[in-house]
Every structure is written in C-alpha cells, then in structure tokens.
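Shown next, in structure tokens, is the structure this report addresses.
The values are calculated or read from the model by the stated rules, or taken from the named source; none is laboratory data. Since the model is a prediction, treat every value here as computed from it, not as a measurement. Using ideal geometry, Cβ is built from the backbone for each residue, glycine included, and neighbour counts are taken over all protein chains shown. For the accessible areas, the whole protein counts, side chains as well, though only heavy atoms, and no ligand, DNA or RNA atoms are used. Shrake-Rupley method; radii C 1.70, N 1.55, O 1.52, S 1.80 Å.
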Amino acid sequence: MPLHIQTPLIESDPLSQAAGRRVRLKLDALQPPGSFKIRGIGLACETHARNGKRRFISSSGGNAGIAVAYAGRRLGVPVVVVVPESTTERARGLIRRQGAELIVHGAAWHEANALAQSMLGDEDAFVHPFDDPMLWQGHATLIDEAAEAGPKPGAVVLSVGGGGLLCGVMEGLHRNGWSDVPVITAETHGADAFARSIAAGERIALDAITSIATSLGAKQVCEQALNWAARHPVRPVVIDDLAAVRACERFLDDHRILVEPACGASLALAYDQAEALQGFDDVLVVVCGGTTAGVDALRQWRDDLALMQGAA
Ligand SMILES: *Cc1c(COP(=O)(O)O)cnc(C)c1O
C-alpha cells in the first residue's frame, strides 16, 4: 500500500465558468499530509526503509518536511527535520504533530541544510524536496490516476517551485501515452526561476525569493525540469502574489478547500488569466494543496498586498 491516496478528479463548475472552458481539478490538496508531495516522498521513504535506512532527515520547513514526517510516522522510522528560524510557528507545529524531531537552526535555509547534511550517517537517508528521480516517479502517479479516469485533457496546469512536480507530471504524461499534452506552468513574481530559465535558455538562479508563495521559493529549478522543457511543450506563466492569494480565497469559497498561494498560482490561471489558457478547451489543473498558510495568513496577505498595490 503506498503512503499517498488516490485523489478525486472533478469537473469544477465555478472554475469552468470563470475560465470559459472546461476545467477539471486533480485534488491533491486532499492527500493526508496536505499536498501532492507525499506521492514522491512516500515512495522515496518506503524505498529507503526497504534498503535498511533507519532514519530520515529533511531540511524543509514546508510541505516536503511535513510529508517526510508523515511518511516516517507511517513507516515507524524516526525523522529529523532541521529548519531555519524563519519557519513559521504553524509549519513547526505541523512537523512536530507528525512526531518528527524538529531542530531550529540558522537564519536561512542553507544553514539549516548544512546542519542536516552534517548529521547524515550510513543508516540515514536525506530526503530532498524536489531533485530526486524517485520523487518524480512517485509524483507521476498523479497522471496515472488521471489517465485511468480519462479523458485526455487539452493541457495540464501546475505550479513550479524546484520543479519536482513538473518532472513527475512530465514522466506521468509520457508513460501514459500523453506526451503531446502541453503543460502550462504557474509561478509568482519573485519565485519565477523556471520562467526566467526558459526565457534565458539556460538555468537561472534567483538572487532572492521575494514572493509570499514560499513553497515555490527555490532559487533554482532542478536540471531535469529544463531537460523536460527541451522535449515537451511548456508554456510558463508568471502572476503576482495578490492574484494567487485571491485565487485561494475564491477557491475556499467555491470548493471549501484551503490551499497555499503556491497552489493559488495555478488556480489563478483558471480564475482570471484566460489568455494563458487560450486554445485549450479542457484543462486539467493540479490542485497541489499546501498546509503552511491558514485563513488568517491569507487575509493578512490580501490586505497587505492590496494596500501596496493601491499605494503603487
Ligand atoms: C512543493 C510545492 C510546490 C512546488 O513543487 P516543486 O516540486 O518544488 O516544483 C507547489 N505547491 C505546493 C503546495 C508545494 O508544497
């Protein structure tokens, strides 16, 4: 039994109406740890456990850390998650609640990650948040399920952080004979390493992450994301934070499901970026989920961002 669940695939009336075309949703926000990440991380952790690893180590204060903690608890394997001081109380609590040991170290992620790496012994497995073929293989099950449910969509919309979800979906499209289905990627300004890399024709590293969509905040996407982009039709779209936050609020109203702005970025393409979906009459949106932002955080962001936009 895998650690992820098979999620519902539904046609959304509100999103279809907003987008002026059929929009179907793959509801990975309903995964028990709250995001699609358990698909790949679950597979990686199961494989590590089978290969004799006795402890999982992560340096993600986001949904990856939460998924590793969940996988460890389910498999009976101890987990250590090292996060920087910037990690919110909410995320810390979610990791601890899964029974993982939480170590808070350093002002920024690279310091937390350095400590995590220094702890690695022979019987430990480090679980990367996005750059690992095992993760992509696990994420690809999302498309296996969509293919089983059918029909073939005109395009797939998904959010890109480090590119793990993108690589998994690409792998899934190809292994299900859907290699001609274009992928439309959503990022927010200030976390748009993929769109910039495509525009530049080479892998670009951002100086800093300035978007509130922290789950999209990889300074650089994995190499494999660009390899896929060279052999599969991809259309990158970048939106602003406010549109992502508003999409989360509308989605909560429309479907009673709370997601992070990282996921709101994809939903915003359907809600108010119809031109991005031009030419496709049946769009499959990956509702990747995310648990690190509550309703209060969404409201705060919306007020702050609207104020900034009004002042600009
Ligand atoms: C991790 C994450 C992403 C981005 O996934 P990558 O594999 O890093 O591209 C998007 N949304 C949510 C909710 C996430 O947790």
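Observations on the model:
- The lone exception for VAL221 - which of (1) over 15 Å from GLY190 (Cβ atoms); (2) among the aliphatic types (A, V, I, L, M); (3) within 12 Å of the ligand (Cβ to nearest atom) it fails: (1)
- Exactly one residue out of ILE10, ILE103, ILE57, ILE5 is closer than 30 Å to ASP207 by Cα and within 20 Å of the chain's Cα centre (by Cα): that is ILE57.
- The residues of the range 246-291 that are assigned to a helix (DSSP H, G or I) and within 14 Å of the ligand (Cβ to nearest atom), listed by number, are ALA247, CYS248, PHE251, PRO261, ALA262, CYS263, GLY264, ALA265, SER266, LEU267, ALA268, LEU269.
- Flag if ILE198 is of a type in the set (A, V, I, L, M, F, W, C), under 30 Å from GLY294 (Cα atoms) and more than 15 Å from the chain's Cα centre (by Cα): no
- Cβ-Cβ distances below 8 Å connect the following pairs, each with a first residue in the range 39-52 that is under 15 Å from ALA29 (Cα atoms), a second residue that is buried (at least 23 other Cβ atoms within 10 Å of the Cβ) and of a type in the set (D, E, K, R), and a separation of six or more residues or different chains: ARG39/ASP28.
- Top-ranked residue in the range 207-224 [being assigned to a helix (DSSP H, G or I) and touching a Ser or Thr at 6+ places or on another chain (Cβ under 8 Å); ranked as most open to solvent (accessible area, probe 1.4 Å)]: THR214
- Any hit, the range 293-311, residues being assigned by TED's automatic domain parsing to the domain that holds ARG246, touching a strand residue (DSSP E or B) at 6+ places or on another chain (Cβ under 6 Å), buried (at least 20 other Cβ atoms within 10 Å of the Cβ) and among the aliphatic types (A, V, I, L, M): no
- For ARG196, the requirement of being open to solvent by 10 Å² or more (accessible area, probe 1.4 Å), away from the ligand (no atom under 12 Å from the Cβ) and not in a loop (DSSP other than H, G, I, E, B) is met.
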